[in-house]
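Participant: One structure, as structure tokens, below. Some questions next.
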Amino acid sequence: MSESLADLHLHLYGAIPASLWHDLIAGRDINWHDYERAFAAAYGRHVDMAGVLGQCDRNSSQWRRHFEFGSDDAGNFDRFQAKFNLLISSSALAGLDGSASPWRAVELELDRVVDGLAHQQRRHGVDYAEYRMMFGPRHSPATVERAARRICYAMGQQSATTMRLALSLPRADPWPMWGVVQAVLASDVGSSLTAIDFCGTEEGFPPQALAGVLADVHRFNARHPDRAIATLVHVGESYRDKTLESAVRWVHQAAVGGAHRLGHALALGIDPQRHRDQTRHESPAERLDQIAYDLEHAVELRRFGVRVDIDELGRERLQRQAQSPRQSIAVHYDQDRVDQVRRRQEFAIHALRDRGTIIEVCPTSNYRIAGLTHWPQHPLPRFLAAGLRVVVGSDDPGLLGTSLRQELSLVGSEIGVTATQCDALVAQAWAARSECLAGRRGVG
């Protein structure tokens, strides 16, 4: 394996190791109410976080058990969110509500986080890393801009390693934060900002709704090649509210909508056989979107063996349009339907390959958060066999207790990727840096 690594899928606060966060929050007066409530809802038991923090030192196993999302927690996104809420609740950023804010405390925290993560990069042989950062709904655009500039400034001060920022935009209304991104890009620290990202809850936010802002980013890139940025979308990681067909469609639509890289995209490659004899549900609106998609791509879908009856879909569309939006459509997966989903996956995989879209896989994150029950279920070998461009990332290495080097080791030892393929994954990451994909002027 190459000694020089690039990690393209990291979340800034999720990358913080337990020991560093202990150092940062020890002695703070923290309101743990939101965290303790989320923890109780997810785990069914109460935790006295102030007591835990007071009893544990930075390297204790007890502190790590509370901080990290481990194998015993796996398969439950609500538990992962509860663990992430520990960071949210105890961060100085929690006080940034648009009023008089503790900016000095925030700046010190951001500086120490960036410095600490730079040290982690060097220790693990990561020479280049892109960190995503999402702010909360109560953070005003002015607040986000100030904090993002501070992060970019701190990243720019690192000389022994390269750090870049991807600012995460809210799926519900990305436009105000897209304005913030442009303001940061125009500043003297804008070179450290190289992407926008859409993460967090997928359910309820179809990717086609992002097409407008993604198109505007591409227009911005054409006008400002020295500050061109990539577009990153988490999709196909969590799809509890829809059918497998719709989940595959979302991945395809995110790519067609203009995303340079897709985070996870598990729905595209996980063997649908694991869902045989299950029943899934979705809304009439989701089904109508699927009907429109099938009609649009009928010719191509048929080439991959997908049955598309245009007349029947037309009749069903009229029926679904008359349904109450609160109704739920049940879909049962017998063997025939499973086979049809697999063919839909093949169609979408080939479409992404032809577009050159890049998929970011994060093995430990996928295993624990998405609830894979054994490593061979991971779709990475299928992606590689189909010729997709893929990179490996560590996602939230602090919360997950991992590193990029460990993730690359896992894909060989547990998922069955060859050493040659692993080397190619490492090389692909360097070629898929955001500034390269966006065509930023002056980037080699």
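All of the numbers you see were taken from the coordinates with simple rules; none came from a lab. Because the structure is predicted, anything quoted here is derived from the model rather than measured. Counting neighbours? That spans all protein chains shown, and the Cβs are built from the backbone with ideal geometry, glycine included.
Participant: So what's the projected area for the chain, the Cα convex hull averaged over all directions, in nm²?
Facilitator: Result: a mean projected hull area of 21.6 nm².
Participant: Okay, next question. Using only the alpha carbons of region 325-364, what is the convex hull's orientation-averaged projected area in square nanometres?
Facilitator: Average of the hull's projected areas for region 325-364 equals 5.4 nm².
Participant: Compute the length gained on full extension between Arg123 and Glu296: take 0.36 nm times their separation in residues and subtract their Cα-Cα distance, giving the result in nm to one decimal.
Facilitator: 57.3 nm
Participant: Dipole size in debye (nearest 20) for the chain around its Cα centre, Lys and Arg Cβ +1, Asp and Glu Cβ -1?
Facilitator: Here the size comes out at about 440 debye.
Participant: Semi-axes of the equivalent ellipsoid for region 163-208, please: Cα gyration tensor eigenvalues, times 5, square-rooted, ordered largest first, whole Å.
Facilitator: Semi-axes from the Cα gyration tensor: 23, 12, 6 Å.
Participant: Now for a separate question. Once the Cα atoms of helix 77-90 and of the chain are each reduced to a long axis, what angle between those two axes, in degrees from 0 to 90 to the nearest 10, is obtained?
Facilitator: Value to nearest ten degrees: 30.
Participant: Using the Kirkwood formula on the Cα atoms of region 206-299, what hydrodynamic radius do you get, in angstrom to one decimal?
Facilitator: The Cα-based Kirkwood calculation yields 14.6 Å.
Participant: Give me the compactness ratio for region 240-290, meaning the Cα radius of gyration over 2.2 N^0.38 Å.
Facilitator: Against the empirical 2.2 N^0.38 Å value, I get 1.20 for region 240-290.
Participant: Here is a further query. When you take every Cα atom in region 269-368, what is the radius of gyration, and what is Dmax, the widest Cα pair distance, in Å?
Facilitator: Rg, Dmax (Cα atoms, Å): 15.4, 44.
Participant: Here is a follow-up. Could you state the principal axis extents of the C-alpha atoms in region 17-90, from the largest down, to the nearest angstrom?
Facilitator: Principal-axis extents of region 17-90 (Cα, largest first): 31, 24, 18 Å.
Participant: Over region 63-199, one equal point on each Cα, no solvent: what is log10 I(q)/I(0) by the Debye formula at q = 0.12, 0.13, 0.14, 0.21 Å⁻¹?
Facilitator: For the requested q values the scattering log ratios are -0.52, -0.62, -0.72, -1.41.
Participant: Hey, what's the Cα Rg ratio for region 361-444 versus the globular rule of thumb, 2.2 N^0.38 Å?
Facilitator: This ratio for region 361-444 stands at 1.15.
Participant: Measure nothing fancy, just the Cα-based angle from helix 284-296's long axis to the longest principal axis of the chain, in degrees from 0 to 90, nearest 10.
Facilitator: Around 60 degrees separate the two axes.
Participant: Angle check, please: helix 211-223 long axis (alpha carbons) against the longest principal axis of the chain (alpha carbons), in degrees 0 to 90, nearest 10.
Facilitator: 60 degrees
Participant: With N residues in region 177-256, what two-decimal value do you get for its Cα radius of gyration over 2.2 N^0.38 Å?
Facilitator: Compared with the compact-globule rule of thumb, region 177-256 sits at 1.24.
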